[in-house]
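Chemist: First, the structure itself, so that you have it in front of you.
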Amino acid sequence: MKYDFDQEIERKGTDSHKWQKYADNVIPLWVADMDFVSPQSVIEALHWRVDQGVFGYTRAPRDLAPVIQERLKRLYGWEIREEDIVYLPGVVSGLNLAFQVFAGSQDAVLVQPPVYSHFIRDPLLRGRSVIDPPLIEKNDTYGIDFDAFEKSITDRTKIFVLCNPHNPAGRVFTREELERLAQICLRHNILICSDEIHCDLVYPGFRHIPIATLGREVEERTVTLMAPSKTFNVPGLGCAFAVIRNEALREMWNSGSQGLIPHVNIMGFTAALAAYRDGQEWLDQVISYLDGNRDFLMQYTKERLPGLRMKRMEATYLAWLDCRQSGILGNPFDFFLRKAKVALNDGTEYGKGGEGFVRLNFACTRRRLAEALERITHALQQINV
Ligand SMILES: Cc1ncc(COP(=O)(O)O)c(C=O)c1O
């Protein structure tokens with residue numbers, strides 16, 4: 001089946017968070033969902049559920065764990081047991097649970113900004129502190145300063161939250177980088193909470209490696225968070241999972257979540273199974289479309305937006321644009337919203353190193369992307385008039 005990602009879907013008036021936040025004349029290229037129809041298998045499975053007409057308490061479909069197990073083995077050579085999988089209504093719930101369960105109130109969480117805002121805000125919400133040795137800019141990409149990373153650790157540092165692939169830096173960390181990070185964490189007895197929600201949206205030439213697959217010792221100290229939500233564009237259905245191999249950690253996790261973290265809902269489970277089992281064809285095609293958008297955006301930025309620099313993207317549909325040389329006075333997010341009527345994400349949301357940047361979600365039709373870029377070009381041209 002050939003999917004048509006050029007098809008414009010009207011999302012205004014559908015209670016879409018992305019489309020309802022800003023005025024009607026704004027093109028929304030911010031929050032991370034795609035303006036594409038999900039795989040046919042997902043739509044059919046949801047119809048089947050709706051047609052049953054009974055929406056009682058539910059448990060995970062019997063086939064879901066085997067499908068996840070088979071997938072992790074096939075993609076990463078990672079063999080996990082069914083009991084290692086713990087379902088969650090969202091990855092952010094999983095992050096917060098980790099902060100709550102594995103760090104005490106005087107403890108700190110280690111993160112690598114500029115990074116997804118919940119990594120920075122949520123430990124503080126839970127009364128934990130944040131240690132944030134930033135990624136380092138290396139021309140058009142980012143790397144890790146391992147010495148600064150290790151030096152920032154104190155004896156109160158309990159959790160390292162890894163974002164891999166990294167949002168918004170666009171990196172897929174290499175085996176060598178992951179090994180060095182893991183060794184540091186093992187040396188300081190720090191738990192690794194690895195958010196791998198973007199792991200399926202990786203571009204040709206790059207390979208995702210779950211940090212837990214580096215060896216038994218690392219696996220025992222890692223909680224991995226994954227979900228079909230970004231991959232198959234089903235984030236509104238709320239289904240994610242943690243892989244926790246270590247039984248003691250899993251027990252702490254389960255008792256911490258009791259009464260607090262709701263079960264995954266019946267639609268989320270239904271979509272997850274259909275997506276993972278039958279969505280590969282769609283996924284291959286969406287990656288190829290996104291790859292085209294990525295090239296288009298990169299080329300456009302180089303040729304027509306000389307004041308902006310786009311960081312290299314190894315994964316995700318979230319481009320990270322450096323506006324520091326653009327001549328924009330003040331905050332570029334505000335500028336693009338006011339002058340171009342394009343809603344992006346403000347780089348300052350992502351902590352250290354985010355100032356002067358915006359994040360652009362290009363999971364939309366190429367036509368819409370082109371229109372947003374035309375508006376941005378025009379707004380930038382007005383600066384020097
Ligand atoms: C790194 C990362 N983690 C988690 C999420 C959100 O996860 P969920 O909607 O499952 O809570 C996002 C969404 O953009 C993300 O980029």
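The values are calculated or read from the model by the stated rules, or taken from the named source; none is laboratory data. Because the structure is a prediction, the values reported are computed rather than measured. As a convention, Cβ positions derive from the backbone with ideal geometry for all residues, glycine included, and neighbour counts pool all protein chains shown. We work out accessible area using only protein heavy atoms, side chains counted, and drop any ligands, DNA or RNA first. Shrake-Rupley method; radii C 1.70, N 1.55, O 1.52, S 1.80 Å.
Chemist: Would you kindly identify the helices (runs of 4 or more DSSP H) lying entirely within the stretch 146-223 that contain at least 2 residues that are under 24 Å from SER117 (Cα atoms)? I'd like the intermediate steps shown before the answer.
Modeler: On the way: elements: 146-151, 175-187, 216-220.
Once the helices (runs of 4 or more DSSP H) in the stretch 146-223 are filtered for at least 2 residues that are under 24 Å from SER117 (Cα atoms), what remains is 146-151, 175-187.
Chemist: Any chance you could count how many residues in the stretch 114-145 are open to solvent by 40 Å² or more (accessible area, probe 1.4 Å), under 16 Å from CYS163 (Cα atoms) and part of a helix (DSSP H, G or I)?
Modeler: Adding up the residues that qualify gives 2.
Chemist: Residue under question is VAL218, and the condition is that it be crowded, with 18+ Cβ neighbours inside 10 Å, of a type in the set (Val, Ile, Thr) and either in contact (Cβ under 8 Å) with a residue 60 or more places away in the chain or in contact with a Lys or Arg (Cβ under 7 Å, 6 or more places away or on another chain) (or both); does it hold?
Modeler: Working: crowded, with 18+ Cβ neighbours inside 10 Å: yes; of a type in the set (Val, Ile, Thr): yes; either in contact (Cβ under 8 Å) with a residue 60 or more places away in the chain or in contact with a Lys or Arg (Cβ under 7 Å, 6 or more places away or on another chain) (or both): no.
Answer is no for this residue.
Residue-by-condition table, conditions (1) aliphatic (A, V, I, L, M); (2) under 17 Å from the mean Cα position of the chain (by Cα); (3) within 14 Å of the ligand (Cβ to nearest atom):
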position: HIS198; (1), (2), (3): no, yes, yes
position: LEU201; (1), (2), (3): yes, yes, yes
position: PRO210; (1), (2), (3): no, yes, no
position: THR222; (1), (2), (3): no, no, no
position: THR231; (1), (2), (3): no, yes, yes
position: ILE244; (1), (2), (3): yes, no, no
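Chemist: Same structure again: For the stretch 149-169, indicate whether the set of residues that are within 19 Å of ILE211 (Cβ to Cβ) and without any contact (Cβ under 8 Å) to a residue 24 or more places away in the chain is non-empty.
Modeler: no
Chemist: Limited to the stretch 72-91, what total is found for residues that are away from the ligand (no atom under 16 Å from the Cβ) and either in a helix (DSSP H, G or I) or open to solvent by less than 20 Å² (accessible area, probe 1.4 Å) (or both)?
Modeler: 10
Chemist: Could you tell me which numbered condition LEU181 fails, if it satisfies all but one of (1) open to solvent by less than 10 Å² (accessible area, probe 1.4 Å); (2) in contact with a helix residue (DSSP H, G or I) (Cβ under 6 Å, 6 or more places away or on another chain); (3) under 16 Å from PRO165 (Cβ atoms); (4) among the aliphatic types (A, V, I, L, M)?
Modeler: Of everything listed in (1) open to solvent by less than 10 Å² (accessible area, probe 1.4 Å); (2) in contact with a helix residue (DSSP H, G or I) (Cβ under 6 Å, 6 or more places away or on another chain); (3) under 16 Å from PRO165 (Cβ atoms); (4) among the aliphatic types (A, V, I, L, M), LEU181 misses just condition (2).
Chemist: Separate question: Give the stretch 101-128 a look and list any residue that's closer than 18 Å to ARG171 by Cβ and hydrophobic (A, V, I, L, M, F, W, C), or say none.
Modeler: LEU110, VAL111, VAL115, PHE119, ILE120
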